[in-house]
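The values are calculated or read from the model by the stated rules, or taken from the named source; none is laboratory data. Just so it is clear, the structure is predicted and the values come from calculations on it, not from any experiment. Every residue, glycine among them, receives a Cβ derived from its backbone with ideal geometry; neighbour counts consider all protein chains shown. Side chains included, ligands, DNA and RNA excluded: accessible areas come from the protein's heavy atoms. Shrake-Rupley method; radii C 1.70, N 1.55, O 1.52, S 1.80 Å.
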Number of protein chains: 2
Amino acid sequence: MHDLLDVAYGRRPADTIITGGTLVNVLTGEIYPAEIAISGTRIAAVGPGLPRGENTTIIDAKGGYLVPGLIDGHIHIECSKLSVTSFANLVVPFGTTSVVSGLDQILVAEGLDGVRRALDEAAETSMRIWWGAPAKAPYTVPQSTVGHTFGPGEHRIAHEWPECVGIWETVQEMVEHGDPAVLEALELAHQRRLPIFGCAPLSDARRIAGLAAAGIRLDHESYSHEEMLEKLRQGIYAIVRESSVAHFLEENIQVVSKVGARRVAFCTDDVHAADVLAGGHVDKLVRMAIKAGVDPVTAIQMATVNCAEMYRIDDLVGSIAPGRFADVLIVDSLEDFRIREVVAGGKPVARDGRMITPAVPPARGAVQPFPVKTVTADDLALRSGETEVTVLTLNFTDQVFVRKRRDVTLPVVDGIVEPSVEHDALLVTVVERYGKNGNMPVAMVSGMGLRKGAIATSAAPDDNNVICVGASRADMAVAINEVVRLGGGQVIVVDGEVVASLQLPVAGIVSDISADEMAIQEEHLDTLAREMGCQLPAPLMYLFFLSITAIPDYAVTDLGLVDCVKLEVVEVIQ
Amino acid sequence: MHDLLDVAYGRRPADTIITGGTLVNVLTGEIYPAEIAISGTRIAAVGPGLPRGENTTIIDAKGGYLVPGLIDGHIHIECSKLSVTSFANLVVPFGTTSVVSGLDQILVAEGLDGVRRALDEAAETSMRIWWGAPAKAPYTVPQSTVGHTFGPGEHRIAHEWPECVGIWETVQEMVEHGDPAVLEALELAHQRRLPIFGCAPLSDARRIAGLAAAGIRLDHESYSHEEMLEKLRQGIYAIVRESSVAHFLEENIQVVSKVGARRVAFCTDDVHAADVLAGGHVDKLVRMAIKAGVDPVTAIQMATVNCAEMYRIDDLVGSIAPGRFADVLIVDSLEDFRIREVVAGGKPVARDGRMITPAVPPARGAVQPFPVKTVTADDLALRSGETEVTVLTLNFTDQVFVRKRRDVTLPVVDGIVEPSVEHDALLVTVVERYGKNGNMPVAMVSGMGLRKGAIATSAAPDDNNVICVGASRADMAVAINEVVRLGGGQVIVVDGEVVASLQLPVAGIVSDISADEMAIQEEHLDTLAREMGCQLPAPLMYLFFLSITAIPDYAVTDLGLVDCVKLEVVEVIQ
């Protein structure tokens, strides 16, 4: 602080000065030439002709525009299956220097200690994580088994952390139905002056009133610009989402391009490495907004100061002004908006789409297999005393977030209902992987199309147990045992052989491999799955989301087949 | 909270519905017809056709516009000499339902207990006080004697209070010169996520950088719109001030009318009852802004949501949206902007410029005289062993915030330098009134013009000791003793007789009389002072500010004559 003030007041020369650039001042909307003086990791002064000393490092912007580092307003980092370090190395070259994240998958797998490690890991990268403490965890109803739950007791600890900036993903039903643990967490947040982030897809005026009345400050889930405008009118800040699986920018940007609303930001929610590598990250959303008719400075404000204001972190990021972190992008054209160079925490860190020196992940220690006993084909038998049964199968559709009921009549052979390619009924199980109870219920799915083998994944929110679907019980057992041995991963087995595996050893859900490598491996897994007959557009992704009980109409967790409307476990055999 | 959510979700009818109005939605800038449903003191829902029950009270807006209650972004309530209750009864009919205040005069007189009482008092009125804990108290340098000082230890307590929304009046010199107590308070605020309010008159780019780097979030002290724009560019929110003694709106509004800046609000800082009664309060500033070319909705945003955002209280006030306090104004014309009716905390409280039922002040208990021994003319003698002396007098000018040096040569009679009307040299003293040390230094002033008698006041920031100026030591003693007996007040004495007195028994600085009565008494005191020869435009106001060491070039405190440039006590007799 003293060093920073000394540079600001001109009592000491700057460590670094960025010169030769034109400032995009998102605070006033003005554009004018200015230099930036940096002390340590912070901006100390902004203006013309700032004093330099003999040890001042000069960064020449060469006529480029100086833009604040971009902020992703809502991202599940772990859904990329990349570790915090690998994710940072992916998105920082595209100009993302801040993300708001709940780290909710890390949380259920490794608890607050795991979140602490992830935040410490982020501090060694060029990407800041502004952490929202999840409203509750897990989100599954009925509550499935996780490594660590998160409730009011944990909130009391988390709220004291300086990285904690609010309450993450407060699902609208939790508020409307008055979930006592969630309401208690909201009250704690209110006492600590922490903002509350909502999650209100397909909401309406009545329910939006309820959320606003409960103190929900912002939301990223509007399915139409009318819905988003209603939230804005009722005092809820809005975040336009454009993820790898949900494309809403073109629709929602109309609140800005047509209505002129100001309290709007951007987020990417879930992104795949391949999509970011091909199209960019938050910078892509800025380009899309400009293409949709939004003024470039307004679009940049959405990606910077607007987001910082709604999260109440505008004193630290989101603008180029004294006291803020020295996260500055150099951009040659505001219309084209491609990031030439990234300065983060006062240092040049990326240039022309690549990290200058990629961040190095922390030492992880030896991989620990999951504490799960060896699974056999016998463990996965769906048994019946009848000769023929009607099975309620979870039927995948071409929309990843819609799963319907399909009843299938199947024969019982030697007391067992086998998976049937002919009847489009595959077996599925979710193996509890934290060593708590050994749950391993068996159910059935339709619409996937596998003609042989098995696919398993331990990356699987909200609880990240091991999900496995297969046309063969034996192959399923091999796949599950391999995921367990790897300490987490995604595995494909055909005829008893592991034909592909992506190890995810960090918390059993993410990896330190590079985004390029992740994109290759993901494509490889999906290609293999398609070759095995899978007709879904993104086989592993469908598996990934299978345990989320917030997706209608059915889910499978370690408790069994879940009716997501009644929110209860139902019998597989009718 | 449960009741509020029940009404928001439509599970219970509203207590009150405001119907028949057109909503000015400051969140989106839109204007459209809407009803407002209220539960208790809060807004539960806003929209068309809200459900009512048989016990729902209906407020008919009769075609008026519905505007959020106005916010004064920086006000020293005590400078009006009105108690919190009387001040609320004055400004609420003009639409001011929230004020940000430091209560710094109450604080030095009665400590945190006094502030607590003032906040509890406010809670019984229709005016919310959002309290900023003063960066330090007193502000005088060298530190004069006060009832209660305020430093980091008191900050630790104050920051836990729900009414505390930040750090009040952080003077730029305290930051630039690194006052340790102030820097510690700022660090405490940072840890508690509390914003820091600045005080940076006549600043420049270098010093603004220092303030922004220190985390100063906002400022109300710009003397030109260029200075204000520089603050905005460097990330400091700006508040346009138009007080009874400092008129800056016409100049500073240009950052909005010409530059289009958004992060700008209004404040009145110091106001006199007569000015508010004649011209209005924050509503007057809205009218002035509109007259200066600002769009009415933008001007209303400045008086509401912009201010709420910069103070981070926008979840509670500043807009008409669910969860906020039901502070709603009914206005017939947005251009003319006169407040027809005021709803505060869900209840109609004022109509056509008058409180429906004025708030009643709390029982105060018996008035306590100040713990000061009886003062005699002898105590006020300026003594010298010479026959003639040169006296450094504090010379008033026609600007209340400029006081110059004037050297006067005076005779010494019987070892005493008497006040001299002929030489324009009156005696002045500041009597320490908290019973701590009995300080009562004597100095001299010029430029006031009193030809006889004495004037005394205990309302006198920053320390609120008893200031007395006179042409007669005997009259001064009478005046001081009367102020002491009254337990605070303003007194005029001529020829040994108290000819006028305004009792200020609350903390020795404010009164529960009505604003109308205050305006009459203030005018009476000033008129009498003028009749006694005083040529200053506002005699009592000049006296009032005499102890503030932040006003160049001289001040008088209970320590003596202070050189406000060197910030040290200087000898009166040269």
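At-a-glance table
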item: Which listed residue is more than 25 Å from A:H220 (Cα to Cα), within 14 Å of another protein chain (Cβ to nearest Cβ), in contact with a Ser or Thr (Cβ under 9 Å, 6 or more places away or on another chain) and buried (at least 24 other Cβ atoms within 10 Å of the Cβ), from A:A326, A:A308, A:A321; result: A:A326
item: Selection count where residues are touching a residue at least 40 places away in the same chain (Cβ under 8 Å), more than 20 Å from B:T429 (Cβ to Cβ) and open to solvent by 80 Å² or more (accessible area, probe 1.4 Å), scope the range B:388-406; result: 2
item: Some residue of the range A:395-403 being modelled with pLDDT of 95 or more and among the hydrophobic types (A, V, I, L, M, F, W, C); result: yes
item: Residue ID - nearest to the other protein chains (Cβ to nearest Cβ), chosen from residues in the range A:185-236 that are out of contact with any Gly (no Cβ under 8 Å at 6 or more places or on another chain) and under 21 Å from A:H159 (Cβ atoms); result: A:R193
item: Single match in A:E160, A:E169 (criterion: within 14 Å of another protein chain (Cβ to nearest Cβ), charged (D, E, K, R) and outside any helix (DSSP H, G or I)); result: A:E160
item: Condition met for A:A122 (farther than 27 Å from B:T41 by Cβ, part of a strand (DSSP E or B) and in contact with a helix residue (DSSP H, G or I) (Cβ under 7 Å, 6 or more places away or on another chain)); result: no
item: Flag if B:V67 is under 28 Å from the mean Cα position of the chain (by Cα), under 21 Å from B:V264 (Cβ atoms) and part of a strand (DSSP E or B); result: yes
item: The one condition in (1) more than 19 Å from A:Q503 (Cα to Cα); (2) open to solvent by 10 Å² or more (accessible area, probe 1.4 Å) that A:L107 fails to fulfil; result: (2)
item: Residue in the range A:292-300 that is over 25 Å from the mean Cα position of the chain (by Cα) and of a type in the set (D, E) present; result: yes
item: Pairs where the first residue, in the range B:257-286, is away from chain A (no Cβ under 14 Å) and the second is among the polar types (S, T, N, Q) and not in a loop (DSSP other than H, G, I, E, B), C-beta under 7 Å, 6+ apart; result: B:A265/B:N306; B:V271/B:S80; B:H272/B:S80; B:A273/B:S80; B:H281/B:T96; B:V282/B:T96
item: Odd one out for B:A474, checked against (1) part of a strand (DSSP E or B); (2) touching a residue at least 60 places away in the same chain (Cβ under 8 Å); result: (1)
item: Residues that are away from chain A (no Cβ under 11 Å) and either more than 40 Å from the chain's Cα centre (by Cα) or crowded, with 17+ Cβ neighbours inside 10 Å (or both), drawn from the range B:23-34; result: B:V24
item: Conditions (1) at pLDDT 95 or above; (2) within 14 Å of chain B (Cβ to nearest Cβ); (3) at positive phi; number of the one not met by A:K62; result: (2)
item: Selected residue (only one of B:T56, B:T22, B:T28 is within 26 Å of B:K284 (Cα to Cα) and touching a Pro at 6+ places or on another chain (Cβ under 6 Å)); result: B:T22
item: Any hit, the range B:241-251, residues being surrounded by 20 or more Cβ atoms within 10 Å (Cβ to Cβ) and within 11 Å of chain A (Cβ to nearest Cβ); result: no
item: Condition check for A:R340: in contact with a Leu (Cβ under 9 Å, 6 or more places away or on another chain) and within 14 Å of chain B (Cβ to nearest Cβ); result: no
item: Residue check, B:A37 within 14 Å of chain A (Cβ to nearest Cβ) and either open to solvent by 10 Å² or more (accessible area, probe 1.4 Å) or at pLDDT 95 or above (or both); result: yes
item: Residue pairs meeting the criteria (Cβ under 6 Å; at least 6 apart or on separate chains; first crowded, with 24+ Cβ neighbours inside 10 Å, in the range A:330-347; second aliphatic (A, V, I, L, M) and assigned to a loop (DSSP other than H, G, I, E, B)); result: A:I330/A:A61; A:G346/A:A326
item: Selection count, the range A:191-204, where residues are of a type in the set (A, V, I, L, M) and surrounded by fewer than 17 Cβ atoms within 10 Å (Cβ to Cβ); result: 1
item: Selection from the range A:513-536 of residues that are of a type in the set (G, A, S) and either in contact with a helix residue (DSSP H, G or I) (Cβ under 7 Å, 6 or more places away or on another chain) or more than 16 Å from A:R451 (Cβ to Cβ) (or both); result: A:S514, A:A515, A:A519, A:A529
item: Tally of residues being under 22 Å from A:T393 (Cβ atoms) and among the polar types (S, T, N, Q) across the range A:504-559; result: 4
item: Qualifying residue in the range B:132-152 (condition: at positive phi and either in a loop (DSSP other than H, G, I, E, B) or open to solvent by 40 Å² or more (accessible area, probe 1.4 Å) (or both)); result: no
item: Test: A:G49 is within 14 Å of another protein chain (Cβ to nearest Cβ), under 17 Å from A:G318 (Cα atoms), of a type in the set (G, A, S) and open to solvent by 20 Å² or more (accessible area, probe 1.4 Å); result: no
item: Unmet criterion (only one of (1) over 24 Å from the mean Cα position of the chain (by Cα); (2) away from chain B (no Cβ under 11 Å)) for A:T149; result: (1)
item: Residues of the range A:538-569 that turn out to be open to solvent by less than 10 Å² (accessible area, probe 1.4 Å) and on the phi > 0 side of the Ramachandran plot, as a count; result: 1
item: Residue pairs meeting the criteria (Cβ under 6 Å; at least 6 apart or on separate chains; first modelled with pLDDT under 95, in the range A:447-466; second aliphatic (A, V, I, L, M) and open to solvent by 10 Å² or more (accessible area, probe 1.4 Å)); result: A:D462/A:I548
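The rows are residues; the columns are (1) under 27 Å from A:V146 (Cα atoms); (2) in a strand (DSSP E or B); (3) open to solvent by less than 10 Å² (accessible area, probe 1.4 Å).
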position	(1), (2), (3)
A:E422	no, no, no
A:L426	yes, yes, yes
A:T429	yes, yes, yes
A:M448	yes, no, yes
A:E517	no, no, no
A:E523	no, no, no
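Matching residues to (1) closer than 24 Å to A:A14 by Cα; (2) open to solvent by less than 10 Å² (accessible area, probe 1.4 Å):
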position	(1), (2)
B:R207	yes, no
B:G210	yes, yes
B:A213	yes, yes
B:R217	yes, no
B:S222	no, yes
B:M228	no, yes
B:R233	yes, no
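So that you can scan it fast, the table gives a plain yes or no per residue for (1) under 28 Å from A:V466 (Cβ atoms); (2) assigned to a helix (DSSP H, G or I):
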| position | (1), (2) |
| --- | --- |
| A:G114 | yes, yes |
| A:V165 | no, no |
| A:E173 | yes, yes |
| A:E184 | no, yes |
